[in-house]
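Asks: There's a structure below that I have some questions on.
The values are calculated or read from the model by the stated rules, or taken from the named source; none is laboratory data. Just so we're clear, the structure is a prediction, and the values are computed from it rather than from any experiment. With ideal geometry, Cβ positions are generated from the backbone for all residues, glycine too; neighbour counts draw on all protein chains shown.
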Amino acid sequence: MVKVNTLFLLAFISLMYINSYLNELIPSFENRIVGGLPSSIKDFPWQVSLQMRGLHFCGGSIISNLHILTAAHCLHLVKNVESPIEVRIGSRKLHKGGKLYNSSYVMVHPLYNPKSTNFDVGIIKLNKPIKQGNTSRAIQIVDENKSFPTNTIAYISGWGHKKENGEIQDKLRSSRVKIIDYTLCKKYFKPGEISENMLCAGNPTGETDSCQGDSGGPLVIQNKLVGVVSWGIGCGRPYRPAVYANLANLRQFIDEAIRIKY
């Protein structure tokens, strides 16, 4: 009986340790679906949930049959946790359906800066190939150096909070947002906060936005992955657009990471 209680206590402590890491994944300026609608995974078959011990902590996107693209900040704080990252693929629900895969290798952009959140992309290699179909399919990444004018329509998806300081959602949601060009976006933030490796999207009145729990998830234009949910100030606030990693400027790292044999 003592042995069983000791094992239970160790397991409980381990889970609490993991939970503390997951809570830290929300930066002080908040990692950023507000104003969204329930959605089918068939409409967003590249969307995945990153989990640890069954707890969702970030989103991600399928970019090959072995690779998931997510935010560097999602991977940075769990890099010292021995448990593999679990990736639920092919389900609109967080806790059932689809298939669970384990990570075999994780790579964070070498220039990622936790303080500025610049170069906020990372790659997860899975332990086995994904069987692609209508609920699990890789998405093409935007061409290098491609840019989009203000008001270009984009789509976001995830299981994040429906409102600021809300709760993780069990079922997938999505929303439509508008791109805000680099020059205009900089005006909404302090000098130096927005780099060319970042992309802004939202609505002037707020209303729709990514939020806590959506980090690492996709920003999509015309079925191409153009951004990764990175950070923001609050969720759905007027004139406070969400900030995404700008994949058009980060293609070289992504392409090289996929080619590496590890």
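Asks: Does the stretch 88-109 contain any residue that is hydroxyl-bearing (Ser, Thr, Tyr) and touching a helix residue (DSSP H, G or I) at 6+ places or on another chain (Cβ under 8 Å)?
Replies: no
Asks: Output the number of residues of the stretch 176-215 satisfying the condition of being exposed (fewer than 15 other Cβ atoms within 10 Å of the Cβ) and either assigned to a loop (DSSP other than H, G, I, E, B) or at pLDDT 90 or above (or both).
Replies: Residues that pass the stated criteria total 9.
Asks: If I filter the stretch 72-84 for residues that are in the same structural domain as His109 (by TED's automatic domain parsing), in contact with a Pro (Cβ under 7 Å, 6 or more places away or on another chain) and modelled with pLDDT of 90 or more, do I get at least one hit?
Replies: Within the stretch 72-84, one or more residues are in the same structural domain as His109 (by TED's automatic domain parsing), in contact with a Pro (Cβ under 7 Å, 6 or more places away or on another chain) and modelled with pLDDT of 90 or more.
Asks: Only one residue in Ile233, Ile260, Ile254 is out of contact with any Gly (no Cβ under 9 Å at 6 or more places or on another chain), at pLDDT below 75 and closer than 25 Å to Leu75 by Cβ, so which one is that?
Replies: Ile233 is the lone residue from the list that is out of contact with any Gly (no Cβ under 9 Å at 6 or more places or on another chain), at pLDDT below 75 and closer than 25 Å to Leu75 by Cβ.
Asks: For residues that are of a type in the set (S, T, N, Q) and part of a strand (DSSP E or B), tally how many sit in the stretch 81-128. Show your work before the answer.
Replies: Kept after step one, since they are of a type in the set (S, T, N, Q), are these residues of the stretch 81-128: 83, 91, 102-104, 113, 116-118, 127.
Pick out the ones that are also part of a strand (DSSP E or B) and you get 102-104, 113, 118.
Number satisfying all stated conditions: 5.
Asks: What tally of residues in the stretch 104-144 results from selecting those that are crowded, with 20+ Cβ neighbours inside 10 Å and touching an Asp or Glu at 6+ places or on another chain (Cβ under 8 Å)?
Replies: The number of residues fulfilling the criteria is 2.
Asks: Same structure again: Can you tell me which of (1) at pLDDT 95 or above; (2) within 27 Å of Ile180 (Cα to Cα); (3) outside any loop (DSSP other than H, G, I, E, B) is the one Cys58 doesn't meet?
Replies: All conditions are met except number (1).
Asks: Looking only at the stretch 105-135, how many residues end up being small (Gly, Ala, Ser) and in contact with a Phe, Trp or Tyr (Cβ under 8 Å, 6 or more places away or on another chain)?
Replies: 1
Asks: Next up: Filter the stretch 28-45 down to the residues that are closer than 11 Å to Arg92 by Cα and not basic (Lys, Arg), then identify the one that is modelled with the lowest pLDDT.
Replies: The extreme case among them is Pro38.
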